[in-house]
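Student: Just passing along the structure, written as structure tokens.
Rule-based calculations on the coordinates, nothing more; no lab input. Keep in mind that what you see is a predicted model, and the values were worked out from it rather than measured. Every residue, glycine among them, receives a Cβ derived from its backbone with ideal geometry; neighbour counts consider all protein chains shown.
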Amino acid sequence: MARRARWVMAATAVAVGAARAQVVDSARVGVHPAPAVDTMAPVLTNPLSKPPISPTKALFRSLIVPGWGQASLDRGTAGAIFAGVEVISLGMIAQSKAELRAAQRVAGDSLYQPGSGTYVANPLAQVVGQRQAAVEDWTVLLIFNHLISAADAFVAAHLWNVPVEVHGSPSQLRATVSAKVRW
């Protein structure tokens, strides 16, 4: 059970890939990180640019496959997160259903206690309800992921050409985040 969950998490981590904010270790001598390139500059310079797909198409694409609408809008990281949650949820639903079937299969059996010479109810009969709840919880997460992914793609398509500058600055006692939106 734990091995399968670790395998699913490792596969998701590989699929998501390295974060864009990571740079080469600049503490080593002779290594200089490449200068940052603003990939959004062409989009932000033209305030009349349209998104690659309409908001409705983005919504329906992300309802079908979470992350597809985000990927169509050049938001690969957000799309990978939604797709990763989808894969993990599907894997955990399959695992939870297998555990539920195993518990249901032996729940009606009784166990013989050699010391007392009696039969007692199988303790797995008590966990059937817990395993059913686990299946339901993962199913709810799957549905929630579909809806949130679709809403995010819809809003992202509508806000395609809004230029936003976000800055952050840490200090010893707090972190400050500011955003500038030009209309």
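Student: I want to check the label-to-label distance for residue 133 and residue 102. Put each point 7 Å from Cα in the C-beta direction and report it in nm to one decimal.
Tutor: The answer from the label model is 2.0 nm.
Student: How would you rank 109, 152, 74, going from fewest to most other Cβ atoms within 10 Å of each one's own Cβ? Display every interim value, and only then the final one.
Tutor: Values: 109 11, 152 23, 74 14.
Fewest to most other Cβ atoms nearby, the residues stand as 109, 74, 152.
Student: Still on this structure, I have one more. With the convex hull built on the Cα atoms of the range 72-151, state its orientation-averaged projected area in nm². Mind showing how you got there, number by number?
Tutor: Details: hull surface 25.8 nm².
Averaged projected hull area, Cα only: 6.5 nm².
Student: Also, quick follow-up: So what's the gap between the Cα centers of the range 94-129 and the range 47-87, to the nearest angstrom?
Tutor: Using only Cα atoms to place each centre, the spacing works out to 45 Å.
Student: Can you list residues whose amide H is under 5 Å from residue 122's amide H, if they're 5+ apart or on another chain and H is modeled 1.01 Å from N?
Tutor: 111
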